[in-house]
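Undergrad: This structure is in structure tokens; I'll ask about it shortly.
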Amino acid sequence: MPKILVVDDEVHIQKIIDYKLRTAGYTVIAAGDGLEGIEKAREERPDLILLDVMMPRMDGFQALEALKRDPSTKAIPVFMLTVKGKEMD
């Protein structure tokens, strides 16, 4: 089964993504911030990383830079996510 790492500090967003991916047949690994995401990527070698932009300790852009510099994770595809929106009038 393909393995997807979901890196997001919002637990409810993690749970929604986790549910959708698991019901579609994927194995899901979760991390709560960029630093934890980098560690999990190195340990688990996922097939894909879904990476939130705004997180504590290390944001998604910083984590992406670190992942792409590391020879063990640089080939893993990364999709950047954000749930930040704005209200319309």
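The values are calculated or read from the model by the stated rules, or taken from the named source; none is laboratory data. Quick caveat: nothing in here was measured; it's all calculated off a predicted structure. In this analysis, Cβ positions are derived from the backbone assuming ideal geometry, glycine residues included, and neighbour counts consider all displayed protein chains.
Undergrad: Among the residues that make up region 58-78, is at least one of them among the acidic types (D, E) and at pLDDT below 95?
TA: Here is the first cut: in region 58-78, the residues among the acidic types (D, E) are 59, 65, 70.
Cutting the leftovers down to at pLDDT below 95 gives us 59.
Yes, because at least one residue in region 58-78 is among the acidic types (D, E) and at pLDDT below 95.
Undergrad: Among the numbered conditions (1) of a type in the set (A, V, I, L, M, F, W, C); (2) free of Cβ contacts under 8 Å to residues at least 40 places away in the same chain; (3) surrounded by fewer than 14 Cβ atoms within 10 Å (Cβ to Cβ), tell me where V83 comes up short.
TA: (2)
Undergrad: Find the residue count for region 66-80, including only residues that are assigned to a loop (DSSP other than H, G, I, E, B) and surrounded by fewer than 16 Cβ atoms within 10 Å (Cβ to Cβ).
TA: Initially, region 66-80 is screened for residues assigned to a loop (DSSP other than H, G, I, E, B), giving 70-77.
Within this subset, residues satisfying the condition of being surrounded by fewer than 16 Cβ atoms within 10 Å (Cβ to Cβ) are 70-72, 74-75, 77.
Residues meeting the conditions: 6.
Undergrad: Also, I was wondering about something else. In region 1-40, what residues are hydrophobic (A, V, I, L, M, F, W, C), in contact with a strand residue (DSSP E or B) (Cβ under 6 Å, 6 or more places away or on another chain) and assigned to a helix (DSSP H, G or I)? Spell out how you get there, then give the answer.
TA: Keep residues of region 1-40 that are hydrophobic (A, V, I, L, M, F, W, C), which gives 1, 4-7, 11, 13, 16-17, 21, 24, 28-31, 35, 38.
If we keep only those that are in contact with a strand residue (DSSP E or B) (Cβ under 6 Å, 6 or more places away or on another chain) too, we end up with 1, 4-7, 17, 21, 28-31.
Residues satisfying the conditions are I17, L21.
Undergrad: What is the residue count in region 19-47 for residues that are under 17 Å from E65 (Cα atoms), in contact with a Leu (Cβ under 7 Å, 6 or more places away or on another chain) and charged (D, E, K, R)?
TA: Counting residues in region 19-47 that are under 17 Å from E65 (Cα atoms), in contact with a Leu (Cβ under 7 Å, 6 or more places away or on another chain) and charged (D, E, K, R) gives 1.
Undergrad: Among the residues that make up region 16-29, is at least one of them free of Cβ contacts under 8 Å to residues at least 24 places away in the same chain, under 22 Å from M1 (Cβ atoms) and surrounded by 15 or more Cβ atoms within 10 Å (Cβ to Cβ)?
TA: yes
Undergrad: A further question follows. Hey, any hits in region 58-65 for a residue that's over 11 Å from L5 (Cα atoms), in a helix (DSSP H, G or I), among the aliphatic types (A, V, I, L, M) and under 11 Å from the mean Cα position of the chain (by Cα)? Outline the logic, then answer.
TA: Going through region 58-65, the residues over 11 Å from L5 (Cα atoms) turn out to be 58-65.
Right, trim to in a helix (DSSP H, G or I) and you get 60-65.
Subsequent filtering for residues that are among the aliphatic types (A, V, I, L, M) retains 63-64.
Imposing the further condition that a residue be under 11 Å from the mean Cα position of the chain (by Cα) reduces the set to 63-64.
So far as region 58-65 goes, yes, one or more of its residues are over 11 Å from L5 (Cα atoms), in a helix (DSSP H, G or I), among the aliphatic types (A, V, I, L, M) and under 11 Å from the mean Cα position of the chain (by Cα).
Undergrad: Please enumerate the residues belonging to region 17-40 that are among the hydroxyl-bearing types (S, T, Y) and farther than 19 Å from V83 by Cα. Reasoning before the result, please.
TA: Filtering region 17-40 for residues among the hydroxyl-bearing types (S, T, Y) gives 19, 23, 26-27.
Hits for region 17-40 are T23, Y26, T27.
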